[in-house]
Every structure is written in structure tokens, then in C-alpha cells.
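Worksheet: one structure, shown below.
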Amino acid sequence: MDWILKENIEELKKMVLKEGWLAETLFNQSMNSLKERDEKSAKNVLGRKNEINIIDMKIREKALAILSTMMPMSKDLRTVTGSFLISSYYQIISEKSLEIAKKTLELIKEPQLKPLVTIPEMAKYALIMLRESMRMFADQNMNGAENICERDQEIDDFLEEVRNELMIYMMENTKYVKRALILLEIAQNIEEIADQATRIAETTSYIISGKQYRCFNDKLYTIDSLENNKEENS
Ligand code: FE
């Protein structure tokens, strides 16, 4: 019985990684469409919505089958419940990537507002976070969680920078407002994608250790350390 459970959990993990790989591909491709102003590529991203739904449903089915028939315990149980959570984070990343593709299509109907510098740089950071969190889950290794958490703060700083840059355009000429707003929304999507990478790192840390972790400001806390921190601050 035990080996059947182990085998099923390995299959579940593989499915989650496959979903992660899909989410990463969609994010990467939507960003490339934006950079290259490539309509075909953006439409291709939008055409893959069904793929995400199918893999998400299969993961739910698998996880529920394990829970209802194999009674996993301790780390096995955490892997199943954690996979549920991580799968929903990948679903969000995929949806945000589709939104970036949709906004790219809107944006390229009009002339380029400005050469993109900060947004691609921000996306590069988010992609590193995503890869690192996926590696944590694949290797079941907690190393890297702190790094991801620190980077989350850098992403927030990037968003602020993009906001300030675009504000200047909007104030310069009302003609620029629409395009600037679309770019700002894209930057917000990237920030939300990076947030999901942080959630994946937190959830993977939970699967491995059995402890809850939360990235707060740019540091990773357990419940105890967060409570101590509260006392220090008060
Ligand atoms: Fe954030």
C-alpha cells in the first residue's frame, strides 16, 4: 500500500511541475510578445487557456483521489494539500500571463510610447523567482526561500519605478495616458506573478518542514519569529 501512495504522490508532483512549466512558458512568451510587439505570439498565448484548465482539473482529481483512498499522513499529506495550493498559484500565474498577452494586443494597435526598459527587467526578476520556487518544489529543498522573499521586495520597488516613469508621460500629454495605463497594468500583472512565486516558496517550505512560513517585507518568518518581531516593534 505504501509504495502505491508514494508512486501516486510522485505522479502528482510531476503534474504540478508540468503546470508550473506551462505557467512559466506562458509568462515568458507573453513578455516576448510585448517586447517584440508580436501579435501572432500574443494570440498564441491566448489560445492556450484550455491547456491550463485541463491540467488544473487533472491535478485536483489526482489529489482528491489520493486523499480519499490512500489516507496520506504527515509529509505525504502536506505534499497533497500543498500541491493543491501550488497548483492554484500556477493557475493565477497563467491567467496573469494571458492578461499580459491581451493587453499587448491592445498596446500594439498604437505606436510605441517608449522603448521598454524597466518592465522587461522586472519580468526577468519575476522569472528568476518563478524558476527558483519551482526548483525548490522539484528538489524538495528549502534553500532559496529567503532569496525569493528578498526579491519580492525588489519587484515592488520596480513597480514603483515604472509607475513614476509612466506618470511623467501621462502628465506630459493626455494622448499618452491610455498606453501608459496599459503598461502600468502589465507591470502590476508582473508584480502579482512574482507574489505567486513567493507563495510557492512559502508553501514548499511548509511541505518540507511542517511549519508555516510567511514572507513579510523582505524577510521570511515563522509564526514564532513573526510574533517576536511584533513585540520588538511595539
Ligand atoms: Fe508583492
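The values are calculated or read from the model by the stated rules, or taken from the named source; none is laboratory data. Bear in mind the structure is a predicted one, so any value in this text is a computation, not a measurement. Cβ coordinates were reconstructed from backbone atoms using ideal geometry, including for glycine residues, and neighbour counts include every protein chain displayed. When the accessible area is computed, the model is the full protein with side chains, heavy atoms only, and any ligands, DNA or RNA have been set aside. Shrake-Rupley method; radii C 1.70, N 1.55, O 1.52, S 1.80 Å.
Descriptive notes on the structure:
- Spin-label model distance (nm) - ILE4 vs LYS230, 7 Å beyond Cα toward Cβ: 4.5 nm
- Principal-axis analysis of the Cα atoms of the chain puts helix 177-209 at an angle of about 10° to the longest axis.
- Estimated FRET transfer efficiency when R0 is 45 angstrom, pair ILE223-GLU36 (beta carbons, to 0.05): 0.50
- Packing-based order for 88-97, 214-223, 142-151, using average beta carbon neighbours within 10 Å, highest first: 88-97, 142-151, 214-223
- Tensor-based shape of the range 35-163 (alpha-carbon gyration tensor, a/c under 1.5 rounded, otherwise prolate or oblate): oblate
- Counted by Cβ distance under 14 Å from LEU113, the other residues give a net charge of +3, where Lys and Arg count +1 and Asp and Glu count -1.
- Charge dipole (debye, nearest 20) of the range 78-185; +1 at Cβ of Lys and Arg, -1 at Cβ of Asp and Glu: 520 debye
- This model, with +1 at the C-beta of Lys and Arg and -1 at the C-beta of Asp and Glu, gives the range 134-234 a dipole about its Cα centre of some 420 debye.
- With respect to the chain, whose longest principal axis is taken over its alpha-carbon atoms, helix 2-36 is tilted by about 0°.
- Tail beyond 25 Å, pair distance distribution of the chain (Cα, percent): 47 percent
- Only protein heavy atoms count here; on that basis, with a 1.4 Å probe, VAL177 has an accessible area of about 50 Å².
- Between the residues ILE190, ASN229, GLN212, the greatest Cα displacement towards the positive end of the dipole of the range 183-234, with unit charges on the Cβ of Lys, Arg, Asp and Glu, is found for GLN212.
- The residues neighbouring MET15, those whose beta-carbon lies less than 11 Å from its own, together hold a net charge of +1 under the Lys/Arg +1, Asp/Glu -1 convention.
- Acute angle (nearest 10 degrees) that the helix 145-172 long axis makes with the longest principal axis of the chain, alpha-carbon atoms: 20 degrees
- Ranking VAL16, ILE55, THR69 by Cα position along the charge dipole of the range 1-71, where only Lys, Arg, Asp and Glu carry charges on their C-beta atoms, puts ILE55 farthest toward the positive end.
- Solvent-accessible area assigned to carbon and sulfur over the chain amounts to 52 percent, based on a 1.4 Å probe.
- A dipole drawn for the range 114-234 from +1 and -1 charges on Cβ atoms has a positive end, and of ILE200, GLN153, THR174 the residue lying farthest that way is THR174.
- Label-to-label distance for VAL177 and LYS43 is 3.1 nm, based on points extended 7 Å past Cα in the beta-carbon direction.
- Think of a 1.4 Å ball rolled over the protein heavy atoms: the range 99-234 then has 52 Å² of accessible area per residue.
- Convex hull of Cα atoms in the range 88-152, direction-averaged projection (nm²): 5.3 nm²
- The modelled label-to-label distance between GLU150 and LEU105, using points 7 Å beyond Cα along the C-beta direction, is 4.1 nm.
- Lysine pairs in the range 1-68 with Cα atoms under 19 Å, if 8 or more residues apart or on separate chains: 14
- Counted residue by residue at 0.36 nm each, then reduced by the alpha carbon distance between them, the extension gain from LYS14 to ALA65 reaches 16.8 nm.
- Inter-centroid distance (Cα atoms) of the range 72-102 relative to the range 2-24, Å: 12 Å
- For the chain, size of Cβ-based charge dipole, Lys and Arg +1, Asp and Glu -1, in debye: 940 debye
- A Gaussian network model of the chain, with springs between Cα atoms under 10 Å, assigns the largest mean-square fluctuation among THR204, THR104, THR81 to THR81.
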